[in-house]
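Q: Structure incoming, see below.
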């Protein structure tokens, strides 16, 4: 995140007043002063414009190193690369002035083995590297560097990091895709009749029991028929032989009593209708197929309910993450309503990547954006390749940025100042005229 340390005794709206170079990056001895509003820096390619407009400021405020250390963002490279051929060391200094007119001089000395920093400010005020860190913002000083970043890096440079939200959302979306795929595989058929499956073993057992029971009934019916036949025969015999009636009466009474018992049992235990069981056995395959279809139907409904609930839960989680992500982005206080962060955590302007902005739009937007987010009090901007803008855009950019209190160093590639005021002409790492 950006931070800025306020030191008692130093005002705000710091601007660049002067730079001095000795044996630095091709410059033997160089000194230049800058207008409070607009200064033009003109020279052919390789004349040293970027060194004057950016590298010196960068090195003075942050030093030189191959890697970043802590809160310091050094000018990338080794000290050897920036020490000239005129000696074993290089010296640079920049003079800054605040809105109260108080001057601060920042000087660095570079050798192959070390670099030293010296800051001279108003009497009684102690300034250090933390104060310089608060002034330095590469993308405010050099807006073109911001436009060279990817949209993701641009958002990161503003201190906006949605990686945790985006990773969570991506994981939920992948889960949702898998859930949806599985959900589509669940086919709920048309409703089917509920059928309870039949057990062949139980039915065969019931049939055997019924057959055994009916055998007992048949046996008793056979006995009954035989006894009745005997009675008929005996009665004929009695008629024919009345003298034997007395002897046979007892037998008749006994048989009659036995017949009554059999009749009573048969009345209480009629023959079982086994046709129902036989029908069930005959239809057992069809019945069990229907039962299986019904169970599959019930299971598909249950699976669909589970899948629907999982999908709804996933969508609710995505919505919750999106709300939290939106609340986080709302706290970032982007200075233009047209700015937004997309699902990939990338910076957009009017739903387009910043690289699609016209050069004029970009140069008006980026400095204001970086100044708002960094809260830097250093109002210096180095505008590179300014000649690529048409005259109308040049005037609009200068008018807009200077009205916001920025100090501009405007780079033109060429060898002719053309009567331009507040102009620094460079040739072969030296000032012309």
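Q: Look at residue 244 and say whether it is more than 30 Å from residue 268 (Cα to Cα) and part of a loop (DSSP other than H, G, I, E, B).
A: No: the conditions fail for residue 244.
Q: Residues that are modelled with pLDDT under 90 and in a strand (DSSP E or B): does segment 419-433 have at least one?
A: Within segment 419-433, one or more residues are modelled with pLDDT under 90 and in a strand (DSSP E or B).
Q: What's the number of the only condition in (1) at pLDDT 95 or above; (2) in contact with a helix residue (DSSP H, G or I) (Cβ under 9 Å, 6 or more places away or on another chain) that residue 105 fails to meet?
A: Result: residue 105 fails condition (2) only.
Q: From (1) buried (at least 17 other Cβ atoms within 10 Å of the Cβ); (2) assigned by TED's automatic domain parsing to the domain that holds residue 407, pick out the condition that doesn't hold for residue 166.
A: (2)
Q: In addition: In this structure, is residue 97 in the same structural domain as residue 22 (by TED's automatic domain parsing), in contact with a helix residue (DSSP H, G or I) (Cβ under 6 Å, 6 or more places away or on another chain) and modelled with pLDDT of 95 or more?
A: Spelling it out, it is not the case that residue 97 is in the same structural domain as residue 22 (by TED's automatic domain parsing), in contact with a helix residue (DSSP H, G or I) (Cβ under 6 Å, 6 or more places away or on another chain) and modelled with pLDDT of 95 or more.
Q: Then there's this: Between a first residue in segment 298-316 that is closer than 28 Å to residue 196 by Cβ and a second residue that is part of a helix (DSSP H, G or I), which pairs have beta carbons less than 8 Å apart while being 6 or more apart in sequence or on different chains?
A: 304/183; 307/179; 307/182; 307/183
Q: All but one of (1) surrounded by 20 or more Cβ atoms within 10 Å (Cβ to Cβ); (2) in a loop (DSSP other than H, G, I, E, B) hold for residue 86, so report the exception by its number.
A: (1)
Q: Within segment 388-404, does at least one residue satisfy the condition of being in contact (Cβ under 8 Å) with a residue 12 or more places away in the chain, on the phi > 0 side of the Ramachandran plot and either surrounded by 22 or more Cβ atoms within 10 Å (Cβ to Cβ) or in contact with a helix residue (DSSP H, G or I) (Cβ under 9 Å, 6 or more places away or on another chain) (or both)?
A: No - not one qualifying residue is present in segment 388-404.
Q: Check off (1) surrounded by fewer than 16 Cβ atoms within 10 Å (Cβ to Cβ); (2) in the same structural domain as residue 68 (by TED's automatic domain parsing); (3) part of a helix (DSSP H, G or I) for residue 131 and give me the number that stays unchecked.
A: Going through the list (1) surrounded by fewer than 16 Cβ atoms within 10 Å (Cβ to Cβ); (2) in the same structural domain as residue 68 (by TED's automatic domain parsing); (3) part of a helix (DSSP H, G or I), residue 131 breaks only (1).
Q: State yes or no: is residue 249 free of Cβ contacts under 8 Å to residues at least 40 places away in the same chain, assigned by TED's automatic domain parsing to the domain that holds residue 215, touching a helix residue (DSSP H, G or I) at 6+ places or on another chain (Cβ under 7 Å) and in a helix (DSSP H, G or I)?
A: No, not satisfied.
Q: Just to verify a result, which residue in segment 119-145, among those that are without any contact (Cβ under 8 Å) to a residue 12 or more places away in the chain and out of contact with any helix residue (DSSP H, G or I) (no Cβ under 8 Å at 6 or more places or on another chain), is nearest to residue 364 (Cα to Cα)?
A: Looking at residues that are without any contact (Cβ under 8 Å) to a residue 12 or more places away in the chain and out of contact with any helix residue (DSSP H, G or I) (no Cβ under 8 Å at 6 or more places or on another chain), I get 128.
Q: Among the residues of segment 407-423, what is the count of those that are within 18 Å of residue 19 (Cα to Cα) and in contact with a helix residue (DSSP H, G or I) (Cβ under 7 Å, 6 or more places away or on another chain)?
A: Going through segment 407-423 one residue at a time, the tally reaches 4.
Q: Restrict the check to segment 241-257 and report whether at least one residue is modelled with pLDDT under 85, more than 32 Å from the chain's Cα centre (by Cα) and surrounded by 13 or more Cβ atoms within 10 Å (Cβ to Cβ).
A: yes
Q: Where residues in segment 189-201 are surrounded by 11 or more Cβ atoms within 10 Å (Cβ to Cβ) and over 14 Å from residue 278 (Cβ atoms), which of them is nearest to the chain's Cα centre (by Cα)?
A: Of everything passing the filter in segment 189-201, 192 is nearest to the chain's Cα centre (by Cα).
The values are calculated or read from the model by the stated rules, or taken from the named source; none is laboratory data. Everything quoted here is computed from the prediction, not taken from an experiment. Quick reminder, even Gly has a Cβ in these numbers, built from the backbone with ideal geometry, and neighbours come from all protein chains shown.
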